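Data first, discussion second: the structure below is written as structure tokens.
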Amino acid sequence: MPLRALLYRRPSEPTAIEVVFEQQMYQVRVRRHRLARRYTLRIHSATHEVLLTMPSRGSLKQARAFAHKHGGWIAARLDRLPQEVPFVDGAVLPLRGVDHRIVHRQGARGTVWTEVDGTNARAICVAGAQPHVPRRIRDYLKREAKRDLEAASWLAAERLGVQPKRVSIRDQSSRWGSCSTTGVLSYSWRLILAPPYVLEYLAAHEVAHMIELNHSRRFWRLVERICPHVARAKTWLDDHGGELHRYGR
Ligand SMILES: [Zn+2]
């Protein structure tokens, strides 16, 4: 939680309220904001989170009334968001941008592997008991993400003559990647779901931050020097990036 949010939250105050609309319960996260003049509601499309912002001196009672009044709006907006895709048998997910169906092979040996059949249909096969399927798929995707992002990062680093300390893979919904001042590159594992040129662009972007910790013209020139498809990747992320958050929640 950002420090500012902590400062304005009263210690005993709940951080979320519950809104019931047509027998459905919705969690609404409450945040006080110094600059807020009124009560506002926002839906985060990536995480499906409902956020209510209120003035720092506003009352929780009013916040609750406001959220209840807009229960229908919350329900309608959440309903319009892309459907979530859990990691279960039969679900389809894009591995490196290519659709793969999850196939549960209970009795098979091994853990997780990919297969392609005669019609070019692709599958991610999972062995083991059914309750372990979601976790095994998730672990597999994280491992694959780490491998691809390490390779792309080392390549970008070699081209720019820098040395990252390590690559870490996270589940951050607010950003695709980050670069610490100590040279640790962090990425969202969900990038393994995007086409490879998008993942390569993100790696080039974060590695270039080891030289320019900003988004200046100099920074973009560095990224473009080592990555030939910056504009295409950025357009893809703008158009489809949000959809990657549908998977495995
Ligand atoms: Zn950046």
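Here are the numbers for the structure shown:
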item: Inter-residue pairs, beta-carbon under 7 Å, first touching a residue at least 40 places away in the same chain (Cβ under 8 Å) and in the range 53-71, second charged (D, E, K, R), 6+ apart; result: Ser56/Arg32; Ser56/Arg34; Leu60/Glu13
item: Condition met for Glu200 (within 16 Å of the ligand (Cβ to nearest atom) and either in contact with a helix residue (DSSP H, G or I) (Cβ under 8 Å, 6 or more places away or on another chain) or closer than 26 Å to Arg249 by Cβ (or both)); result: yes
item: Residue pairs meeting the criteria (Cβ under 8 Å; at least 6 apart or on separate chains; first at positive phi, in the range 75-103; second among the basic types (Lys, Arg)); result: Gly90/Arg101
item: Spans of strands (runs of 3 or more DSSP E) in the range 78-157 with at least 2 residues farther than 27 Å from His229 by Cβ; result: 98-105, 112-116, 122-127
item: Among residues of the range 137-161, those that are within 30 Å of Ala127 (Cβ to Cβ) and touching a residue at least 40 places away in the same chain (Cβ under 8 Å), counted; result: 10
item: Boolean, Val167 is touching a residue at least 60 places away in the same chain (Cβ under 8 Å), surrounded by 21 or more Cβ atoms within 10 Å (Cβ to Cβ) and more than 12 Å from the ligand (Cβ to nearest atom); result: no
item: When residues of the range 197-221 are limited to those that are without any contact (Cβ under 8 Å) to a residue 12 or more places away in the chain and not hydrophobic (A, V, I, L, M, F, W, C), the one surrounded by the most Cβ atoms within 10 Å (Cβ to Cβ); result: Glu212
item: Unmet criterion (only one of (1) within 15 Å of the ligand (Cβ to nearest atom); (2) not in a loop (DSSP other than H, G, I, E, B)) for Gly242; result: (1)
item: Candidates Arg37, Arg42, filtered to the one that is under 21 Å from the mean Cα position of the chain (by Cα) and without any contact (Cβ under 8 Å) to a residue 60 or more places away in the chain; result: Arg42
item: Residue within the range 171-189 that is at positive phi and surrounded by 14 or more Cβ atoms within 10 Å (Cβ to Cβ) present; result: yes
item: Looking only at the range 95-112, and only at residues there that are charged (D, E, K, R) and out of contact with any Cys (no Cβ under 8 Å at 6 or more places or on another chain), the one that is modelled with the lowest pLDDT; result: Arg109
item: Which numbered condition Ala127 fails, given (1) more than 15 Å from the ligand (Cβ to nearest atom); (2) at pLDDT 95 or above; (3) surrounded by fewer than 17 Cβ atoms within 10 Å (Cβ to Cβ); result: (3)
item: Condition met for Val92 (under 28 Å from Ala123 (Cα atoms), touching an Asp or Glu at 6+ places or on another chain (Cβ under 6 Å) and at pLDDT 90 or above); result: yes
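Matching residues to (1) surrounded by 17 or more Cβ atoms within 10 Å (Cβ to Cβ); (2) under 27 Å from Arg190 (Cβ atoms):
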position: Arg29; (1), (2): no, yes
position: Arg37; (1), (2): no, no
position: Lys61; (1), (2): no, no
position: Ala67; (1), (2): yes, no
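The values are calculated or read from the model by the stated rules, or taken from the named source; none is laboratory data. The structure displayed is predicted, hence computed values, not measured ones. Note: ideal-geometry Cβ built from the backbone for every residue, glycine included; neighbour counts use all protein chains shown.
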